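Read the figures in this text as sums done on the coordinates, not as results from a lab. Just so we're clear, the structure is a prediction, and the values are computed from it rather than from any experiment. As a convention, Cβ positions derive from the backbone with ideal geometry for all residues, glycine included, and neighbour counts pool all protein chains shown.
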Amino acid sequence: MIENTSTAGRISGFTGPDAPTDEDLYTCVHCGLCLNACPTYLETGLEAESPRGRIALMRAVREGRTAITPSVLGHWELCIQCRACEAVCPSNVPYGRLMEATRTEMVRQGKRTPRERAARSIGYRWLLPDQRRLRAVATGLKLYQRSGLRAAVRASRVLKLMPGGLYQLERAAPSVNGKFFKPRGQTFAARGTRRGRVALLSGCVMPLVDGKTMEAAVRVLTRNGVEVAVPADQGCCAALNTHAGERDRARDMAKRNIDSFLAANVDAVVVASAGCGSTMKEYGGLLKADPAYAKKAEKVGRLTKDIHEFLVELPFDPPKAELKLKVTYQDACHLAQAQRITKAPREILRAIPGLEVIEMAESTICCGAGGTYFLTEPAMSARLGKRKAGNISETGAAIVTTANPGCAIQMKNALRQMGSGVQVKYVVDLLDEAYSKERSG
């Protein structure tokens with residue numbers, strides 16, 4: 001916790017136990033190397049929409065030179081928290097930690113409108129922590145999309161007249177197809193000689209929107225001699241809550257997963273969603289002040305492995321069957337920037353015979369998904385989505401692959417809006433497809 005007053009005697013605008021620390025705040029030397037990595041700066045050219053500018057505002061609040069005004073809030077809110085700045089920063093400024101701490105202060109001090117507070121209460125405190133409620137909402141969305149109701153609603157244009165961004169929300173909602181992937185405490189046996197035992201994070205969004213990919217992940221792991229346990233009592237990883245500053249609820253969610261995965265007695269906790277893996281690897285920081293969970297959180301952080309990282313380290317068995325396809329790869333921010341994993345997904349793709357991998361321009365520039373960013377900042381999200389779709393289209397690839405559900409949803413929407421037929425798939429989807437073709441052949 002920082003002191004309540006600055007060295008100049010002014011009253012600090014940051015006062016809570018989770019406020020940004022001076023150690024983090026004053027690491028930035030204003031060199032500006034972060035500017036060309038920041039998606040919002042690239043789009044606007046404004047200093048206040050850069051990591052350096054936002055840190056300057058944090059310092060001004062810390063030193064009592066400005067209050068947390070709506071204008072200041074707006075600059076912080078436009079940050080996607082992609083953490084691209086961290087990857088290029090020579091001073092190792094922990095920008096992600098700074099922004100999460102700042103947003104925690106915003107929540108603690110009630111710097112939201114009543115409507116925003118109500119929406120956050122429903123989303124972050126009522127819905128995300130409860131898997132049954134999430135499945136119920138997803139089931140309703142599936143029925144809406146499969147019936148003629150969606151076509152009728154869109155034809156009527158009634159949502160354009162509704163408040164609260166319902167029109168944008170309905171347009172951006174992911175397609176919900178197929179069965180959900182449910183954690184039931186099931187165990188999937190390794191094929192051949194067992195090389196290890198892992199727990200698989202189910203998560204919140206991915207098992208509902210991309211259940212088939214979760215099943216593909218299980219098949220890929222077992223095909224490589226790994227026994228896979230899916231603990232029934234796990235839940236959402238808490239990434240969305242952590243990024244939004246809902247840290248108290250995030251800690252409760254993290255504790256649930258820590259207890260679940262440590263009880264599974266595994267060699268690793270494998271995660272197929274980049275954003276989830278990033279947060280789980282940082283559970284230690286989230287729970288560092290909790291004497292009962294600090295060490296356990298650090299242990300789970302060490303056990304956590306992104307699925308591409310895990311497969312390459314194993315190492316995985318390259319498939320024998322060919323997939324004659326042109327693909328490109330989009331770096332999910334919290335895989336490339338937060339976890340610094342860029343080679344492993346490409347190594348897997350290049351190990352698939354017949355696959356032509358074409359690098360896209362600006363692969364590491366955020367696609368604009370940003371968890372719930374597409375809801376809170378729809379205009380900037382759409383601009384970044386369009387930028388990403390253009391870069392994908394220029395590769396001439398038939399498929400763009402990724403490692404995160406938010407990216408997949410965002411790219412599908414952006415490509416559809418530009419009339420592109422490029423498909424969006426996960427890296428493990430293609431690896432599973434090659435293995436499947438190998439078996440059938």
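Share of Cα-Cα pairs in the chain beyond 38 Å, in percent?
Considering the chain, 21 percent of its Cα-Cα pairs are separated by more than 38 Å.
If you take the charge dipole of the chain about its Cα centre, with +1 on Lys and Arg Cβ and -1 on Asp and Glu Cβ, which of 335, 159, 81 is farthest toward its positive end?
Farthest along the dipole direction, towards plus: 159.
Radius of gyration and Dmax for segment 182-262's Cα atoms, expressed in Å?
Values for segment 182-262 (Cα only, Rg and Dmax): 14.0, 45 Å.
Evaluate segment 22-108: find the radius of gyration of its Cα atoms, find its Kirkwood radius, and give the ratio Rg to Rh.
0.92
If packing is taken as the mean number of other Cβ atoms within 10 Å per residue, what is the order of 220-228, 330-338, 57-65, highest first?
Highest to lowest by the protection proxy: 330-338, 220-228, 57-65.
Net charge near residue 255: determine it from the other residues with C-beta under 12 Å of the C-beta of residue 255, scoring Lys and Arg +1 and Asp and Glu -1.
In short, -1.
Taking the Cα centre of the chain as the origin and placing charges on Cβ (Lys, Arg +1; Asp, Glu -1), which of 370, 40, 207 is farthest toward the positive end of the dipole?
207
Calculated from DSSP H runs of 4 or more alone, at -39500 (n - 2.57) each and per residue, what is the 222 nm mean residue ellipticity of the chain, nearest 500?
After summing the helix terms and dividing by the residues of the chain, the value is -14000 deg cm²/dmol.
If you take the Cα Rg of segment 178-229 and divide it by 2.2 N^0.38 Å, with N the number of residues, what do you get?
Against the empirical 2.2 N^0.38 Å value, I get 1.11 for segment 178-229.
Which of the three applies to segment 113-317, rounded, prolate or oblate, going by the alpha-carbon gyration tensor with a ≥ b ≥ c and a/c under 1.5 meaning rounded?
oblate
If the limit is 25 Å between Cα atoms, which of 142/182; 182/281; 111/255; 212/305 go over it?
Over 25 Å Cα-Cα: 111/255.
What per residue convex hull volume, in Å³, do the alpha-carbon atoms of segment 314-441 yield?
Cα convex hull per residue, to the nearest whole number: 103 Å³.
So for the chain, averaging the separation of alpha carbon pairs under 8 Å that are six or more residues apart and normalising by length, what relative contact order in percent results?
14
Quick check: from the Cα gyration tensor, does segment 102-173 come out rounded (a/c under 1.5), prolate or oblate?
Cα axes put segment 102-173 in the oblate bin.
Count the DSSP beta bridges whose two residues both fall in the chain, then state the antiparallel fraction as a percent rounded to the nearest 5.
15
What do you get when you divide the Cα radius of gyration of segment 249-405 by 2.2 N^0.38 Å, with N the number of residues?
Taking the Cα Rg and dividing by 2.2 N^0.38 Å, one obtains 1.19.
Sorted from fewest to most neighbouring beta carbons within 10 Å, what does the list 365, 399 look like?
Arranged by neighbour count, lowest to highest, 365, 399 become 399, 365.
Residues with beta-carbon under 11 Å from that of residue 318, excluding residue 318: net charge, scoring Lys, Arg +1 and Asp, Glu -1?
-1
Kindly provide the trypsin sites (Lys or Arg not before Pro) of segment 350-441 that DSSP labels as loop, not H, G, I, E or B, and whose Cβ sees at most 16 other Cβ atoms within 10 Å.
For trypsin sites (Lys or Arg not before Pro) across segment 350-441 that sit outside H, G, I, E and B with at most 16 neighbouring Cβ atoms in 10 Å, the list is empty.
For segment 70-144, report the % of Cα-Cα distances exceeding 13 Å.
In whole percent, the share of Cα-Cα pairs in segment 70-144 beyond 13 Å is 76.
Amide H of residue 196: which non-local residues (sequence gap of 5 or more, or other chain) have their own amide H closer than 5 Å, using H built in the peptide plane?
Answer set, sorted by chain and number: 227.
Count the net charge of all other residues whose Cβ sits under 15 Å from the Cβ of residue 365, scoring Lys and Arg as +1 and Asp and Glu as -1.
So the surrounding residues net to -2.
Could you give the distance between the Cα centres of segment 369-390 and segment 96-129, to the whole Å?
Taking the Cα centre of each part, segment 369-390 and segment 96-129 sit 20 Å apart.
State, as an integer percentage, the relative contact order of segment 325-440 based on alpha-carbon contacts under 8 Å between residues 6 or more apart.
31
If each residue's Cβ is checked for other Cβ atoms within 10 Å, how do 312, 400, 158 rank with the fewest at the top?
158, 312, 400
Got a sec to turn the phi values of segment 282-292 into Karplus ³J(HN,Hα) couplings, 6.51 cos²θ - 1.76 cosθ + 1.60 with θ = phi - 60°, whole Hz, x for Gly and Pro?
Using θ = phi - 60°, the values come out as 10, 4, x, x, 5, 10, 5, 8, 9, x, 7 Hz.
First measure r as the distance between the Cβ atoms of residue 160 and residue 313, then evaluate 1/(1 + (r/R0)^6) with R0 = 30 Å and state the FRET efficiency to the nearest 0.05.
It comes out at approximately 0.05.
If one computes the Cα centroid of segment 187-205 and of segment 8-32, what distance in Å separates the two points?
43
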